[in-house]
Amino acid sequence: MRPATLLPSASKISLMASFRALSAAVIGLSLSGGKRIESLSCDDQSWSSTMTALDETDRQILKILARSGREPLKHLASAVGLSRSTLTARLRRLERDGFIQGYCAILSSGLSPRPNQAILLVKLDKTPAYDVVDAIRQIDEVIQCRSVAGDIDLVLDVAADAVETLNRVRDRISTLPGVADVRTHMVLATNFRTVLS
């Protein structure tokens, strides 16, 4: 699998789409100044109804970009049977409508500016707890927050420059109103990463 690279606009020859609904959890480096990419929750009904509004060509484009974000526009257009100008218009629409939420370079874990990673398992006093999720969203070191079923409520992926920073993030989250418990699991290594397509 080739590493993905980021270019600032869909009109460039190559591009990398970080499509959250189709890709595995990755640490992204946004070239637009570290802008946080927001994700949509599973219970967002507008998301599921909008997904059904995508046509087969849109789905093909997103599948190819999720698998190979450096695909040249010429090859991508040919693969889906469109001209480059029509493909570019579709890409702009997919970006505008939020299906392509950002562009990023997927860094080797050894090169990450935040090499210390942990998974935090959060138990809430009650669910749903939108205020807790909104508060967690404001913490830069939290790169992903997922709601899950079972004996815990949230799974957080956290990346920091130092272990001390991870500890401060954990303490901050554990003192949020509505948080009952936080368990921390340090990431020792990322053995592999798969991009779903």
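The values are calculated or read from the model by the stated rules, or taken from the named source; none is laboratory data. Not measured: the values here are computed from a predicted model. Cβ placement follows ideal geometry from the backbone for every residue including glycine, while neighbour counts extend to all protein chains displayed.
Being in contact with a Gly (Cβ under 8 Å, 6 or more places away or on another chain) and exposed (fewer than 14 other Cβ atoms within 10 Å of the Cβ) is a description that does not apply to D151. Reported count of residues in the range 171-197, each being hydrophobic (A, V, I, L, M, F, W, C) and in a strand (DSSP E or B), is 4.
Within the range 86-94, identify whether any single residue is within 30 Å of P128 (Cβ to Cβ) and modelled with pLDDT of 90 or more, and answer yes or no. Yes, there is a match, as at least one residue in the range 86-94 is within 30 Å of P128 (Cβ to Cβ) and modelled with pLDDT of 90 or more. Only residues that are loosely packed, with under 15 Cβ neighbours inside 10 Å and either of a type outside the set (V, I, T) or modelled with pLDDT under 90 (or both) were counted across the range 128-148, and they come to 8. The residue pairs whose first member lies in the range 56-75 and is without any contact (Cβ under 8 Å) to a residue 60 or more places away in the chain and closer than 14 Å to I100 by Cα, whose second member is acidic (D, E) and crowded, with 18+ Cβ neighbours inside 10 Å, and whose beta carbons are closer than 8 Å, counting only pairs six or more residues apart or on different chains, are L65/E71. Restricted to the range 54-170, the set of strands (runs of 3 or more DSSP E) holding at least 3 residues that are closer than 25 Å to R193 by Cβ and out of contact with any helix residue (DSSP H, G or I) (no Cβ under 9 Å at 6 or more places or on another chain) comprises 104-106, 142-147. Given the conditions (1) closer than 25 Å to T184 by Cβ; (2) hydroxyl-bearing (S, T, Y); (3) without any contact (Cβ under 8 Å) to a residue 40 or more places away in the chain, and given that S78 satisfies all but one, which numbered condition is not satisfied? Result: S78 passes all but (1). Give the residues of the range 60-76 that are among the charged types (D, E, K, R) and over 14 Å from T88 (Cα atoms), sorted by residue number. If the condition is that a residue be among the charged types (D, E, K, R) and over 14 Å from T88 (Cα atoms), then K63, R67, R70 are the ones that fit.
Inspect the range 51-67 for any residue being modelled with pLDDT under 65 and loosely packed, with under 12 Cβ neighbours inside 10 Å and give the result as yes or no. Taking every residue of the range 51-67 in turn, at least one turns out to be modelled with pLDDT under 65 and loosely packed, with under 12 Cβ neighbours inside 10 Å.
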